[in-house]
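The values are calculated or read from the model by the stated rules, or taken from the named source; none is laboratory data. Because the structure is a prediction, the values reported are computed rather than measured. Note: ideal-geometry Cβ built from the backbone for every residue, glycine included; neighbour counts use all protein chains shown. Ligands, DNA and RNA are stripped out before the accessible areas are found, and what is left, the full protein with its side chains, is counted by its heavy atoms. Shrake-Rupley method; radii C 1.70, N 1.55, O 1.52, S 1.80 Å.
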Amino acid sequence: MRGGDRTALGLWGEEQAAHFLEQAGYRILDHRFRCREGELDLVASQGQYLCFVEVKLRKNDRMAQAREFVTRSKQQKLRTAALRYLMDHPSKLQPRFDVVEVYAPQGEQTRQPVIRHWPNAF
């Protein structure tokens, strides 16, 4: 898989996750927030929570579930990026870290993905 194809598939996965969350009543506030400290795939609000959402796209879960790829190191980078986001966008909402797994059969954008949401994942 070439880099451009992988990037397009990753963006598609994030769009699928955003749509899934919106259907579940979340409001998407930001996509791909980037800063020197890292990147947040999605930022959403739901009730009293400000959710920093890491989207993990995989073809399947044979080797491991997608959320298992959010390592301690990755979690720390997400926390640091979330602090930067909160400095730039103050909020009274309670911060929370979610993971959304998007499984795309055969790695194709044309098939209906399986999506799993893990609120308060870490």
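Identify, from the list GLN16, GLN23, GLN46, the residue that is among the polar types (S, T, N, Q) and crowded, with 19+ Cβ neighbours inside 10 Å.
Numbers: GLN23 fails: crowded, with 19+ Cβ neighbours inside 10 Å; GLN46 fails: crowded, with 19+ Cβ neighbours inside 10 Å.
That would be GLN16, the only listed residue that is among the polar types (S, T, N, Q) and crowded, with 19+ Cβ neighbours inside 10 Å.
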The range 13-52, residues that are more than 20 Å from TRP118 (Cβ to Cβ) and part of a helix (DSSP H, G or I): none
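Say we look at the range 53-80 and pick out the residues that are in a loop (DSSP other than H, G, I, E, B) and free of Cβ contacts under 8 Å to residues at least 12 places away in the same chain; which of these is most open to solvent (accessible area, probe 1.4 Å)? Quick ask: steps written out before the conclusion?
Residues of the range 53-80 that are in a loop (DSSP other than H, G, I, E, B), as a first pass: 59-65, 70-71.
Next cut, free of Cβ contacts under 8 Å to residues at least 12 places away in the same chain only: 62-64, 71.
Details: ARG62: 200, MET63: 181, ALA64: 22, THR71: 69 Å².
Ranking the qualifying residues of the range 53-80, first place goes to ARG62.
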Among what's in the range 81-122 and is among the β-branched types (Val, Ile, Thr) and open to solvent by 50 Å² or more (accessible area, probe 1.4 Å), pick the residue that is nearest to the chain's Cα centre (by Cα). VAL114
